[in-house]
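Engineer: So that we are looking at the same thing, I have put the structure below in C-alpha cells.
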Amino acid sequence: MRWSRYYLFTTREVPRDAEVVSHQLMVRSGMVKKLAAGIYSYLPFGWRSLAKLMEIVRREMAAAGAVELSMPAVQPAELWHESGRWQDYGRELLRLSDRHDRDFVFGPTHEEVITDIVRHDVSSYRQLPISLYQIQVKFRDEIRPRFGLMRGREFLMKDAYSFHTDDASLAVTYEEIRQAYCRIFEACGLDYTMVEADSGAIGGSHSHEFMVVAETGESAVVRCPECDYAANVEKAETRALPAPPAGPESGLRKVPTPGATSVEEVAALLEVATSQVVKTLVYMGPDGPVATLVRGDREVNEVKLAASLGAPGIRLAEPAEVEEATGAPLGFAGPVGLPDGLRVVADESVRPLAGFVVGANEADAHYVGVDLERDVRVDDWADLLLVGGGDACPRCDGKLEEFRGIEVGHIFMLGDKYSKSMGCTYLDDQGESHAMQMGCYGLGIGRTVAAAIEQGHDDGGIVWPLPLAPFEVLLLSLQTRNEEVVAASNQLYDELTRAGVEVLYDDRDERPGVKFNDADLIGVPLRIVVGARSLKEGQIELSLRRTKEKEMVAVDGAVESIRERLEAERARVTGSGG
Ligand code: ATP
Ligand code: MG
C-alpha cells in the first residue's frame with residue numbers, strides 16, 4: 001500500500017476525552033474516528049488490525065468445533081420478554097420501536113436469538129452438541145462510555161453459544177473453548193490471565209474472564225502466587241477472617257457518640273478496633289431496603305450482595321431512605337431493634353464477633369457490648385466480603401496479590417436459564433423431552449486491540465505485536481525526489497508485495513523528520529529506510545520498532561533478510577520455535 005494513496009492521516013492532537021494511552025494513540029494514528037459518545041468509525045488503518053484479530057479468532061473457533069453464522073442486530077422485544085431480560089437488563093438495553101409501534105432492541109448480546117434459532121431447528125439428542133458463533137456489532141447503552149474502543153456503546157464482539165444434552169457435554173465444550181481463548185490471546189502476543197468471574201446479568205453458574213494485564217484496566221483481579229487461584233475481585237474469596245478479640249463489654253449498653261458517623265471515628269471514640277465495630281449499610285434491593293452487616297474494617301462487595309439477593313441491580317440507599325428504613329440518620333444505623341419487615345443480611349465476617357459496637361438507630365448514639373444471639377436478627381448469612389491484595393488465598397497458604405486487568409473475554413456456563421424460559425428442548429433416546437444445557441462465550445474485538453496497544457507502546461507511539469499489526473513492514477523512502485532512491489524503493493515495494501509481505505510504503509513527499517515521527521506513532525513492527533547515502537553503497541537500513549536497533553543490509557537480496565527478521569519476530573511473539 002502506498003501511503004500517498006492510502007487513507008491514513010496522523011495527528012499530534014490528543015482528544016480531550018482520551019484518558020488512556022490506547023485511546024490517544026488510536027486516534028492519533030488514524031485508526032478510529034469518533035462519531036458520538038462510545039460510537040466510532042474504524043478507519044482503514046485500524047480496521048486492518050481488527051481484521052487480523054478476527055482472522056485469528058475465526059481460526060481458533062473453528063479449531064474448537066464452532067460454526068460461524070450471523071444474526072440480526074435488531075431483535076423483537078417478544079424474545080426478551082420470554083427470557084425475562086426485557087425487565088432485567090436495565091438501561092444498557094437500547095429499545096426501539098418500528099412504524100407499527102412494535103418494540104425491538106438493538107442486541108447487546110444474542111442468547112435470545114440463538115436460542116430461538118436452535119429451538120426451531122434442533123429436536124433430537126442426536127443433533128447435539130453444537131457450537132455456533134458470530135462476529136457482529138453490539139449496542140450497549142453504557143452509563144460511562146470511555147477509553148475509546150475499550151468501553152464503547154457500539155462495539156464488535158465475537159459471541160459463541162453452545163447447546164448440549166447435559167452438564168458433562170457442556171463441560172467438555174467449555175474446556176475446548178477455554179483453550180481456544182488461550183490460543184487466541186497467545187497468538188496475539190498478549191500478557192493475559194484467566195480468572196474466576198461473576199456471571200452478572202447474563203446469568204448462569206460458572207464463568208471465567210480473560211484479563212489482559214494493564215494498569216489502566218477497569219477490572220481489579222487477585223491472584224495467588226503460590227497456586228493457580230485467580231479471580232476478579234467481584235468474585236474473589238478468602239479464608240474465614242481470624243476473629244478479633246471480644247470487645248471490652250458484654251452487656252448491651254447505649255453510649256453517646258456525637259458526630260461520630262464513620263467506623264474510624266466511632267472506634268477512636270470508644271477505644272476499640274475497627275474490626276470490633278459492625279457496619280450497617282442499607283441497600284435498595286428488588287423488594288425494598290436491605291440492611292447489610294459487615295465487619296467495620298472491611299467493605300461490602302456489591303456484586304456478591306446483588307448475587308445473593310438474586311437481583312441484577314442494587315444501590316446504596318439515599319440518606320432519606322436509610323432514615324425511613326431504620327429511623328437513623330446516616331452513620332447511625334445498626335441491627336439492634338430494626339423493624340420486623342426490614343431484611344437483614346450479614347457477611348460471614350460478623351459471625352465470630354462478640355461484644356461489638358453498632359449504630360443505635362438514632363442520632364449520635366451507638367450500642368456497645370452487642371451479642372449476635374441475644375441482640376441481633378439476621379435473616380441471611382452470606383459471603384459478601386470484598387477481597388483484595390494481602391488477603392489469604394482460599395485454596396492454599398499463599399497471600400493474594402492484586403493487579404489491574406482489561407477484560408477481553410468472558411465465558412459462561414449458562415445451564416438451562418434460557419433454554420428453560422424459552423422452551424429450547426430436545427428428545428432423549430427414550431423420547432423424553434429435556435431443556436438443553438447452554439454455554440456462551442464472548443470476546444471483545446475492539447477491546448482486545450485496544451488492550452494490545454495498552455500493553456505495547458512507548459513515548460513515540462504504538463509498538464504493535466506483529467500478529468495484530470495493520471502492516472508488517474513500513475518502507476520509508478527518505479528522498480522522494482531522488483531518482484535512485486525512488487527507483488530502489490519502488491522495486492523493493494514491488495518485490496515485497498509479490499512475496500506476500502504486508503508493506504506500507506511511505507512514498508509521501510514529506511520531510512524525513514515527519515516520516516520518522518509517523519513511523520514511531522503508527523508502530524509498524526519492521527521499518528526499512530531507503531536513503532540516498534547508504535544506497536550509494538548498495539545498502540538499506542532495517543530496524544525493529546520494538547528494539548529500535550538498526551542494521552544495514554544489502555539492497556540485493558533484501559527481501560530475504562526482511563522475511564527472516566519477520567519470521568524471527570513472529571516466533572518471538574507467539575513463543576513458537578526460535
Ligand atoms: P464489562 O464488565 O467490561 O462491562 P461485560 O461483562 O459486560 O464486560 P460480556 O457481556 O461478558 O461483558 O461481553 C463479552 C466481551 O465483550 C467482554 O469480555 C468485552 O471484551 C467485550 N465488551 C463488553 N462490553 C464492551 C464495551 N462496552 N465495549 C467494548 N467491548 C465490550
Ligand atoms: Mg458490561
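Bear in mind these aren't lab numbers, they're just calculated from the coordinates by the rules spelled out. If you're wondering where the values come from, they're calculated on a predicted model, not measured in any experiment. When we count neighbours, we look across all protein chains shown, and the Cβ atoms used for this are built from the backbone with ideal geometry, even at glycine.
Engineer: Spelling out what I want: for every residue of segment 319-334, take phi, set θ = phi - 60°, compute 6.51 cos²θ - 1.76 cosθ + 1.60 (Karplus), and round to whole Hz; glycine and proline get x.
Structural biologist: Values, residue by residue: x, 5, 5, 4, 5, 5, 6, 10, x, 9, x, 3, x, 10, 6, x Hz.
Engineer: Now for a different question. Which of the peptides 439-451, 274-286 is most tightly packed, and how do the rest follow, going by the mean number of other Cβ atoms within 10 Å of each residue?
Structural biologist: Result, highest mean Cβ count within 10 Å first: 439-451, 274-286.
Engineer: Mean separation of Cα pairs under 8 Å and 6+ residues apart, divided by the residue count of the chain: what relative contact order is that in percent?
Structural biologist: The normalised contact order for the chain reaches 17 percent.
Engineer: For the pair ASP509 and SER534, how long in nm is the line joining their label points, each one 7 Å along Cα→Cβ?
Structural biologist: According to this spin-label approximation, the distance is 2.6 nm.
Engineer: May I ask you to derive the FRET efficiency for GLU567 and ALA63 from their Cβ-Cβ distance with R0 = 30 Å, giving the value to the nearest 0.05?
Structural biologist: Once the sixth-power term is evaluated, E becomes 0.85.
Engineer: Report the net charge of residues surrounding GLN491, where surrounding means a beta-carbon distance below 11 angstrom and charges are Lys +1, Arg +1, Asp -1, Glu -1.
Structural biologist: It works out to a net charge of -3.
Engineer: Once the Cα gyration tensor of the chain is found, what semi-axes does its equivalent ellipsoid get, as square roots of 5 times the eigenvalues, in whole Å, sorted largest first?
Structural biologist: 53, 31, 22
Engineer: Another question, then. Sorted by packing (mean other beta-carbon atoms within 10 Å per residue), highest first, where do 164-173, 287-296, 10-19, 255-264 land?
Structural biologist: Packing proxy ranking, top to bottom: 287-296, 164-173, 255-264, 10-19.
Engineer: In angstroms, what radius of gyration and Dmax does segment 210-291 have, counting Cα atoms only?
Structural biologist: Computed over the Cα atoms of segment 210-291, radius of gyration and Dmax are 18.8, 52 Å.
Engineer: Each residue of segment 356-361 in order: what ³J(HN,Hα) in whole Hz does its phi give by Karplus 6.51 cos²θ - 1.76 cosθ + 1.60, θ = phi - 60°, with x for Gly and Pro?
Structural biologist: 9, 10, 9, x, 9, 6
Engineer: If you take the beta carbon distance between ALA243 and ASP101 as r and set R0 to 60 Å, what does 1/(1 + (r/R0)^6) give as a FRET efficiency, to the nearest 0.05?
Structural biologist: E(calc), rounded to 0.05, equals 0.50.
Engineer: Which aspartates and glutamates, if any, have their Cα less than 17 Å from the Cα of LYS420, not counting same-chain residues under 8 positions apart?
Structural biologist: Hits, sequence-local ones excluded: GLU78, GLU82, ASP88, GLU111, GLU112, ASP116, ASP121, ASP166, ASP167, ASP428, GLU432.
Engineer: A further question follows. Around GLU196, with a cut-off of 10 angstrom between Cβ atoms, what is the net charge of the other residues, counting Lys and Arg +1 and Asp and Glu -1?
Structural biologist: -3
Engineer: Here's another thing I want to ask about it. Using the alpha-carbon atoms, what tilt in degrees (0 to 90, nearest 10) does helix 167-187 show relative to the longest principal axis of the chain?
Structural biologist: The helix 167-187 is inclined about 50 degrees to the chain.
Engineer: Regarding segment 246-393, what whole-number volume in Å³ per residue does the convex hull of its Cα atoms give?
Structural biologist: Hull volume normalised by residue count: 108 Å³.
Engineer: Does anyone have the angle between helix 111-121 and the longest principal axis of the chain? Alpha-carbon axes, 0 to 90°, nearest 10?
Structural biologist: In the chain, helix 111-121 runs at an angle near 80 degrees to the longest axis.
Engineer: Over 20 Å between Cα atoms: which of LYS34/LYS548; LYS52/LYS515; LYS254/LYS279; LYS235/LYS399; LYS515/LYS548; LYS158/LYS235 fall into that group?
Structural biologist: LYS34/LYS548; LYS52/LYS515; LYS158/LYS235
Engineer: Further question on the same structure: How many Å³ per residue does the convex hull of the Cα positions in segment 471-575 occupy?
Structural biologist: Roughly 91 Å³ of hull volume per residue.
Engineer: How far is the Cα center of segment 514-578 from the Cα center of segment 431-460, in Å?
Structural biologist: So the separation of the two Cα centres works out to 33 Å.
Engineer: Quick one: if you stick a label point 7 Å off each Cα along the C-beta vector at GLU373 and ALA51, how many nm between them?
Structural biologist: It is 7.3 nm.
Engineer: Just report the Cα centroid separation between segment 255-294 and segment 34-87, whole Å.
Structural biologist: 45 Å
Engineer: Report, in deg cm²/dmol and to the nearest 500, the calculated mean residue ellipticity at 222 nm for the chain, where each DSSP H run with n ≥ 4 adds -39500 (n - 2.57) and the sum is divided by the residue count.
Structural biologist: Rounded to the nearest 500, it is -8500 deg cm²/dmol.
Engineer: Here's something else I'd like to know. Quick one: 3J(HN,Hα) in Hz for segment 8-21, Karplus 6.51/-1.76/1.60 with θ = phi - 60°, rounded, Gly and Pro as x.
Structural biologist: Each residue's phi maps through the Karplus curve to give 9, 10, 8, 9, 8, 6, 9, x, 5, 7, 8, 7, 10, 5 Hz.
Engineer: To continue, here is another question. Taking the 0 to 90 degree range and rounding to the nearest ten, how far is the long axis of helix 483-498 tilted relative to the main principal axis of the chain, both from C-alpha atoms?
Structural biologist: 60 degrees
Engineer: If pairing requires two Cys Cβ atoms under 4.7 Å apart, which cysteines of the chain are left without a partner?
Structural biologist: Flagged as lacking a Cys partner: CYS182, CYS188, CYS424, CYS440.
Engineer: Sticking with this one: To the nearest 20 Debye, how big is the dipole of the chain about its Cα centre, given +1 on the beta carbon of each Lys and Arg and -1 on that of each Asp and Glu?
Structural biologist: 1800 debye
Engineer: May I pose another question? How large is the convex hull of the Cα atoms of segment 66-135 per residue, expressed in Å³ as a whole number?
Structural biologist: 108 Å³
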